[in-house]
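Below: the structure, in C-alpha cells.
Read-outs: derived from the displayed coordinates by stated rules, not from any lab. What you are looking at is a predicted structure, and each value in this text was computed from that prediction instead of being measured. When we count neighbours, we look across all protein chains shown, and the Cβ atoms used for this are built from the backbone with ideal geometry, even at glycine.
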Amino acid sequence: MLHLILASQSPRRRQLLQLLNTPFTCVAANVDEDTVTDPDPASNVMETARLKANAIAAKYLHADSQPYNESAWIIAADTTVALGRHMLNKPQDAEDARFMLQKLRWCDHEVHTGVVLLNPLTGKQVGGVHTAVVTMRDYADAEIDAYIATGDPFDKAGAYAIQHPQFRPVSQLHGCFMGVMGLSICHLILLMNQLELPVLADLTAVSTAHTPYPPCSLWEQLR
C-alpha cells in the first residue's frame, strides 16, 4: 500500500496533502537551505526540494531497521517568492517583513514551488516546478502593520499567506492557489501519474480547494 513521507512540518502542506486520501507521515528534513546558492529562483527551489528529499532518504537508508518498503515515497517541496530575479524567502524580523510587503505591493511577482517525489529504497524520482504569477493589491501601510502584528508573515516566503482571511493581499492569481500556499496538489498528482502511483484524491475536493480562485490549468489536465 502506498505510503507518503512528507519532508516538512508545515501545517499548510500537511493540510493540502490530506486531499490525496493516502496515508502519510511528516518528517522534518533539518537541512541547511543556505547551502543552495543557485541564483535562478526556479532552479533554487528544485535544488532545495532535492536536498530535503535526499536528507530524509539518507536517514532511512542508514537506520538500523527499515520502517518502510518500496511502496513508500518521499515528497519534498520548497517555495520562494521571486520579484524579478530577487528571491524573497521567509522574513528575518518585522522590519524585513514590512520591506517585502511594501516591495510586493501593487506588483506582479512569481511564486515558484519545486516538488520532488523520491523512493528512498530504489532511488527513483520525479520532480518539477510549478510557477504562479501573483498580483498584489494596493494595501495600506497600516494594513501591513496590522498583518505583521498577527505573526503570520514570519514562516512564509515573501512574508504573506495568500489564504489569510483578513489581510487578503492578492488581487489576481494566474496559477494554482495551492502551489502559492506551498504545495500544488494538482502538480503532485500529475507527478504521481508519471510514476503510475495510485491516486485516490477526490478531484471535486481538489477543485474546491482552489476557492476563492477558479481551478488552475493543471487541474484541467486531471479531468
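Values as computed for the structure displayed
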{"quantity": "Proximal lysines to LYS156, defined as alpha-carbon separation beneath 18 angstrom and excluding residues fewer than eight positions away on the same chain", "calculated": "LYS52, LYS90, LYS103"}
{"quantity": "Residue order, fewest to most beta carbons within 10 Å, for TRP106, TRP219, TRP73", "calculated": "TRP106, TRP219, TRP73"}
{"quantity": "Tensor-based shape of region 13-113 (alpha-carbon gyration tensor, a/c under 1.5 rounded, otherwise prolate or oblate)", "calculated": "prolate"}
{"quantity": "Dipole in debye (nearest 20) - region 3-222, about Cα centre, beta carbon charges: Lys, Arg +1; Asp, Glu -1", "calculated": "340"}
{"quantity": "Candidates PHE99, PHE177, PHE24: whichever shows maximal mean-square fluctuation once the chain is modelled as a Gaussian network with Cα springs under 10 Å", "calculated": "PHE99"}
{"quantity": "Region 3-222 - percent relative contact order, Cα under 8 Å, separation 6 or more", "calculated": "21"}
{"quantity": "At R0 = 22 Å, FRET efficiency that the Cβ-Cβ distance of LEU83 and ALA205 yields, to 0.05", "calculated": "0.10"}
{"quantity": "Check: region 36-144 dipole with +1 on Lys, Arg Cβ and -1 on Asp, Glu Cβ, in debye", "calculated": "240"}
{"quantity": "Helix-only [θ]222 nm of the chain, DSSP H runs n ≥ 4, -39500 (n - 2.57) each, per residue, nearest 500", "calculated": "-9500 deg cm²/dmol"}
{"quantity": "Computed over region 42-187, the ratio Rg/Rh where both radii use C-alpha atoms and Rh is Kirkwood", "calculated": "1.06"}
{"quantity": "Residues LYS52, LYS124 arranged by fewest to most Cβ contacts within 10 Å", "calculated": "LYS124, LYS52"}
{"quantity": "Within a Gaussian network of the chain (alpha carbon springs, distance under 10 Å), most fluctuating of ALA49, ALA157, ALA58", "calculated": "ALA58"}
